[in-house]
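Each remark here refers to the structure printed beneath this line.
The values are calculated or read from the model by the stated rules, or taken from the named source; none is laboratory data. Keep in mind that what you see is a predicted model, and the values were worked out from it rather than measured. No Cβ is skipped: glycine too gets one built from the backbone with ideal geometry, and neighbour counts run over all protein chains shown. Accessible surface areas use protein heavy atoms only, side chains included; no ligands, DNA or RNA. Shrake-Rupley method; radii C 1.70, N 1.55, O 1.52, S 1.80 Å.
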Amino acid sequence: MNDADIDADATDRILLQRMASGDRTALAVLYRSYHGRLCRFLSRLTRRPDVIEEVINDCLWITWQKAGSFHGDSRVSTWVIGIAYRCGLKALRQHGDEPMEDDALTQDRYLSHNPDEDRELRDWLAKGMNRLSTDQRAVIELVYGLGHTLDDVAVIMECPVGTIKARLFHARVKLRNTLPALAGDSPIQKESAS
């Protein structure tokens, strides 16, 4: 963790302590702080904005209720994203795993100076990510999108680090084979062991 991550976690821990004592202002601050990250992460599980907002609200309600039970075994962000992940899986069971569509949630993810290139890149990546399982999409987003370590992702997804490594490996192989095909090139069959 760099200094900014350490400072952010210290701030989040203070907010949780204040929330545990009933401070609604602390909840509002935490909500604003996490809304964008949660929206980005959850957009890898579903593309329905109504479901994403429902999951964010459920996640932060649980965070409010359980703020006093946070033990500090991980970063606060790992704990909150873990709650969001479990709420997201519950929402997928209730609403189904509908096909992913490009929408406003992904418009600022991969920006260049040419808006047409941005749109093409977003479409291409969305199609590639759509070919992954929900767990693979989540691991890719947690590691590459949100910058979590494999240990953090294992805590979030409540599974061994080896399982996370396997999901990441298979997701990268699948993307490596899928993305060139979507671009009209021949796919590469295996990820090289570096």
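Looking at V139, V173, which one is part of a helix (DSSP H, G or I) and under 21 Å from T46 (Cβ atoms)?
Of V139, V173, the one residue that is part of a helix (DSSP H, G or I) and under 21 Å from T46 (Cβ atoms) is V139.
Collect the residues in segment 52-76 that are open to solvent by less than 10 Å² (accessible area, probe 1.4 Å) and touching an Asp or Glu at 6+ places or on another chain (Cβ under 9 Å), keeping them in residue-number order.
We begin by selecting, within segment 52-76, every residue open to solvent by less than 10 Å² (accessible area, probe 1.4 Å); these are 52, 55-56, 59-60, 63, 67, 76.
Of everything in segment 52-76, just one residue is open to solvent by less than 10 Å² (accessible area, probe 1.4 Å) and touching an Asp or Glu at 6+ places or on another chain (Cβ under 9 Å), namely V76.
Is there any pair linking a residue in segment 1-23 that is within 18 Å of L146 (Cα to Cα) to one that is open to solvent by 80 Å² or more (accessible area, probe 1.4 Å), with Cβ under 8 Å and at least six apart or on different chains, and which?
D9/M1
When the residues of segment 27-45 are filtered to those that are buried (at least 19 other Cβ atoms within 10 Å of the Cβ) and within 11 Å of the chain's Cα centre (by Cα), which remaining residue is farthest from G128 (Cα to Cα)?
Restricting to residues being buried (at least 19 other Cβ atoms within 10 Å of the Cβ) and within 11 Å of the chain's Cα centre (by Cα), the top hit is L38.
Within segment 148-162, identify whether any single residue is at pLDDT 90 or above, more than 16 Å from the chain's Cα centre (by Cα) and assigned to a helix (DSSP H, G or I), and answer yes or no.
yes
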